[in-house]
Amino acid sequence: MRSLACALAMVMLFGALSAVGAAERTGKISSIDWGKNTLTLENGSRYVAKNRDVEVFAFTVGEKVTVIYHKRDGKRIVTSIRPAP
């Protein structure tokens with residue numbers, strides 16, 4: 001039972017640490033560059049989709065989305081994207 005509690009605590013700690021540094025932005029897509037795997041929102045913020053599992057390119061210009069990302073080497077790296085209300 002004690003090992004189960006320790007394992008559960010580690011999973012919770014890892015989840016909390018992985019959320020640190022994540023940010024969220026909602027806006028309309030103003031451009032998509034399939035060659036560079038980037039999308040830009042109307043406010044000029046550019047996001048890079050390095051993970052092929054992130055379906056950034058299922059969206060179209062003009063669509064309102066919420067982008068979850070983290071910063072690495074000065075770039076905004078998309079971890080997930082979803083339609084916004």
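What about SER18, is it part of a helix (DSSP H, G or I) and either modelled with pLDDT of 95 or more or closer than 15 Å to SER80 by Cβ (or both)?
Yes; evaluated as a whole, the condition is true for this residue.
Within the range 35-55, restricting attention to residues that are part of a strand (DSSP E or B) and not hydrophobic (A, V, I, L, M, F, W, C), the residue that is surrounded by the most Cβ atoms within 10 Å (Cβ to Cβ) is TYR47.
For (1) at pLDDT 95 or above; (2) at negative phi; (3) in contact with a Ser or Thr (Cβ under 9 Å, 6 or more places away or on another chain), each residue gets a yes or a no:
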{"residue": "LEU8", "(1), (2), (3)": "no, yes, no"}
{"residue": "ALA22", "(1), (2), (3)": "no, yes, yes"}
{"residue": "LYS28", "(1), (2), (3)": "yes, yes, no"}
{"residue": "VAL61", "(1), (2), (3)": "yes, yes, yes"}
{"residue": "VAL65", "(1), (2), (3)": "yes, yes, yes"}
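Restricting the range 56-68 to residues that are in contact with a Phe, Trp or Tyr (Cβ under 9 Å, 6 or more places away or on another chain) and either acidic (Asp, Glu) or outside any strand (DSSP E or B) (or both) leaves a set whose member that is nearest to THR79 (Cα to Cα) is VAL56.
If you filter the range 56-71 down to residues that are in contact with a Gly (Cβ under 9 Å, 6 or more places away or on another chain) and more than 15 Å from ASN43 (Cβ to Cβ), you find that the one that is surrounded by the most Cβ atoms within 10 Å (Cβ to Cβ) is HIS70.
The values are calculated or read from the model by the stated rules, or taken from the named source; none is laboratory data. Nothing here was measured: the structure is a model prediction, and the numbers come from that model. Cβ: placed from backbone, ideal geometry, glycine included. Neighbour counts: every protein chain shown.
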